[in-house]
Amino acid sequence: MFKVKKRPLKKEKPPVLYNILENYTDYDPPGNVMVCGMTEPEDLEVHARVLSESYAIPLESITGVLQDGGIYLYPHEGPLVTKGAFVCRVDPLGKDPKHTWVMDLEQYAAAERMRQSYGVTLEEGMERVFYRGLPQELQDRLRQKNLGIDLTKVESGNACSGDIQYIDFRKDWSPHFKRKCVMPDGRLIETSGLHDFAELHGISVDETRTLFDHGGTLALKDGGGLACQIINGQPSVARFNSRQFSKAKALAKEKDLHILDALSEVAYQDPVLMRALRRAESSSFF
């Protein structure tokens, strides 16, 4: 009997949500954003589904906010406000692109103080707080049509068919743009989103999320480890092999160092790893 081999199912490609990416993640918080723009007409269903998954907001709620503009306030845990808000600004005249962003707790509190002190709406307060917190260069570019970009000169791989329709100001690790991880042999490996990163390193999505949210180290099954530092609110990640990781643990014990400091010392002594780290620092998406 001959067995019919089944073709492996192809992974479904994520929808193309952005064709313009401008990196401001190296700036100080709260302006350390990835500017993600799209010149194609908005696919509201896809846009809402992706942002719903990214920000843990009910699909129906975020669809309504994306359609009409407004605010989604995260539910309170008892009397405590533990999360900020998702905001969507829609120009009623349709001249300016739609903008979306997430307010952290500090920004939310500042907007609330502005509402109480100056009598503005909470939505207006959130807009003022958010835009003032952006880097001055980005503020200037937002006053220009299409961020001042000549869309006719954008690379053909990012084909643009018109003006920018919407901009998402993002800080999360998204499948819709790539970030780099420094590997032990000096390679820079790009990953797209939490699931892609988790699969590459053989860890769970929950472990990945914890690493990105809090930084620190994570031991791997092969004896190596991942090190993550949160710089300007953004995770920067490097992987170490078992030899490097063991050496760092020995250094940490010998010199009474934090494990991240010991790993940094190991990296400084490894010329291949140091070259990769320097390339990563100059990369737009690390």
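The values are calculated or read from the model by the stated rules, or taken from the named source; none is laboratory data. Predicted, not measured: the structure shown is a model, and the values here were computed from it. Reconstructed Cβ throughout: ideal geometry from the backbone, glycine too, with neighbour counts over all protein chains shown. Calculation scope for accessible area: heavy atoms of the full protein, side chains included, ligands and nucleic acids excluded. Shrake-Rupley method; radii C 1.70, N 1.55, O 1.52, S 1.80 Å.
Report yes if some residue within region 34-43 is part of a loop (DSSP other than H, G, I, E, B), at pLDDT 85 or above and touching a Leu at 6+ places or on another chain (Cβ under 7 Å); otherwise report no. Yes.
What residue, among those in region 77-90 that are assigned to a loop (DSSP other than H, G, I, E, B) and open to solvent by 30 Å² or more (accessible area, probe 1.4 Å), is modelled with the highest pLDDT?
Among those residues, the one meeting the criterion is 90.
Within region 134-148, residues that are closer than 13 Å to residue 96 by Cα and open to solvent by less than 30 Å² (accessible area, probe 1.4 Å) have Cβ atoms under 6 Å from residues that are part of a helix (DSSP H, G or I) and among the charged types (D, E, K, R) in these pairs: 147/141, counting only partners at least 6 apart in sequence or on another chain. For region 154-162, does any single residue satisfy the condition of being loosely packed, with under 13 Cβ neighbours inside 10 Å, at pLDDT 90 or above and among the polar types (S, T, N, Q)? No, region 154-162 has no match at all.
Restricting attention to region 241-270, the residues that are assigned to a helix (DSSP H, G or I) and open to solvent by less than 80 Å² (accessible area, probe 1.4 Å) total 16. Would you check if residue 59 is open to solvent by 70 Å² or more (accessible area, probe 1.4 Å) and either in contact (Cβ under 8 Å) with a residue 24 or more places away in the chain or small (Gly, Ala, Ser) (or both)? Criteria not met by residue 59.
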